[in-house]
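Heads up, the thing below is written out as structure tokens.
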Amino acid sequence: MNDEQTRARFEHLLLPLLTDAYNLARWLMKNQEDAEDMVQESYLKAFRFFGGFHEGGNCRAWFLRIVRNTCYTALEARKLKGKEVPIEEDENNGIEDPSPLPTAILDQNTTIEGVRKAIEQLPADFREALVLREFEGLSYKEIADVSGVPLGTVMSRLARARNQLQFILLEQKKQEIL
Amino acid sequence: MNCEECRDLIDPYIDNELDVSATILLKRHLLECPECRPLLESRKALQALLKNPQLQFEVPDSLRGKIRSRLPGITVRARHGVQSVIPWISVPLALAAAFAVMLAFLKPVGVFDRARANTLAEEVVSSHVRSLLAAHLLDVPSTDQHTVKPWFDGKLKFSPPVQDFAERGFRLIGGRLDYLDGREVAAVVYQRNKHIINLFIWPLEAEQSAAAKSFAKDGFNVLHWDRDGFEFWAISDVSAQDLKAFADLEMHQF
């Protein structure tokens, strides 16, 4: 495959993934400006490493992994520099897993903004798993590949992400009522 | 199955990641256990909430431009007869050739000649890619089939079937005119989670009857079928399974 063909193939495979890449970066970085930077950097990285991507492989998972790692690298670097950082999180941050689980039905009045805020409050690992599953539509196996963790971890992160999300949304509701 | 096991498996269950035997055990437990049922309900409610497409972030236009300008050597290729925007997409001919070969194998000879298959396959893929990137996905944005269909009727010489399958997870989001196979065609656009499905429809020319044919290449799944005098091409990056489900809905519900 010559350069021209490689480039055409890259465009064909990778450019349609822009929305997916941007959304993942946006959820991980929690703001537009950083997300844009991460996506640009990811495209450049993907272009550089495109030779390592095998014909017939799962391009989406491959690229989302690059986006995810690019975001984490940036977040870690900021943490080291001691800038104010949105990376909280070991897996046991302030929010307790509710027990018993909140089972109240979430109603349709929950606003888009409210849901977004609730998702942003989740610890990064949980948020990542939730976003990859619910918004990117990845299977557990694909999430495991993107995040570089075992399947069992994906399963427990998702369960805890949803538990906490339900909890946060219910808390929001209570605040509104008060 | 006890309640603790049920709580552990409820997420893989709603994510369709559970094997058959565990699914049966879980369903049985849910039928019997009044304490675990609300858990399932709340998970479903949460999923429904998260399905809202408005939760997705729009890609800023400025970002598209930046990527275009920063990637080394993006090729420019104008296409005839279509929107002149989006010069930065080019679909490799190899892809079209691969489609052509697949089509030639799958379709009875004579009904669907190789040259036409070649052109069509290339056009379907590139139309889809273009529609996603050119910010020209919809001429008529509407989730109401009774808005979309009359819009097409006024623009085309034929009246394409337009249906909404929102309840089944494939939401109609609108339509646009596109140009395929040397003619104007209807592009009916659906959304599955965040994924776009383009359904191209135009009147069948020769007498054909063929079962649905599916192809996959480079992350896109394509399905082609005929029904009631129309030719249908569905293309998307949803899974082959999802696209098949979509086609089944379209074929049976008329």
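Using a 10 Å cut-off around each Cβ, can you sort A:VAL67, B:VAL129 from fewest to most neighbouring Cβ atoms?
Working: A:VAL67 26, B:VAL129 21.
Least to most surrounded, the residues fall as B:VAL129, A:VAL67.
Each residue of segment A:114-126 in order: what ³J(HN,Hα) in whole Hz does its phi give by Karplus 6.51 cos²θ - 1.76 cosθ + 1.60, θ = phi - 60°, with x for Gly and Pro?
Couplings: x, 5, 4, 4, 4, 5, 5, 6, 5, x, 3, 4, 5 Hz.
Within 11 Å, Cβ to Cβ, of B:GLY169, how many net charges do the neighbouring residues add up to if Lys/Arg are +1 and Asp/Glu are -1? Mind dumping the intermediate values first?
Details: positive: B:LYS51, B:ARG168, B:ARG171, B:ARG192; negative: B:GLU167, B:ASP242.
Summing Lys/Arg as +1 and Asp/Glu as -1 gives +2.
Could you list, bin by bin from short to long, the percent of Cα-Cα pairs of segment A:3-81 in 5 Å steps?
Cα pair-distance distribution for segment A:3-81, in percent: 3, 16, 28, 23, 15, 9, 5, 1, 0.
From the Cα gyration tensor of segment B:3-50, with a ≥ b ≥ c the square roots of its eigenvalues, which class applies: rounded if a/c is under 1.5, or else prolate if a/b is larger than b/c, or else oblate? Each step should come with its number before you reach the end.
Values: a/c = 2.10, a/b = 1.21, b/c = 1.73.
In terms of gyration-tensor shape, oblate.
What is the average number of partner chain Cβ atoms found within 10 Å of a Cβ in B:54-66? Show your work: numbers first, answer last.
Numbers: counts 5, 9, 6, 11, 5, 10, 7, 0, 2, 10, 3, 0, 5.
Partner Cβ neighbours, averaged per residue: 6.
Give, in nm to one decimal, the length gained when the segment between B:ASP8 and B:PHE158 is fully stretched (0.36 nm per residue of separation minus the Cα-Cα distance). Before the final figure, lay out each step's value.
On the way: separation 150, 0.36 × 150 = 54.00 nm, distance 5.29 nm.
Result: 48.7 nm gained on full extension.
Computed from the coordinates by the stated procedures, all read-outs in this text should not be read as laboratory data. Computed from a predicted structure; not experimentally measured. Reconstructed Cβ throughout: ideal geometry from the backbone, glycine too, with neighbour counts over all protein chains shown.
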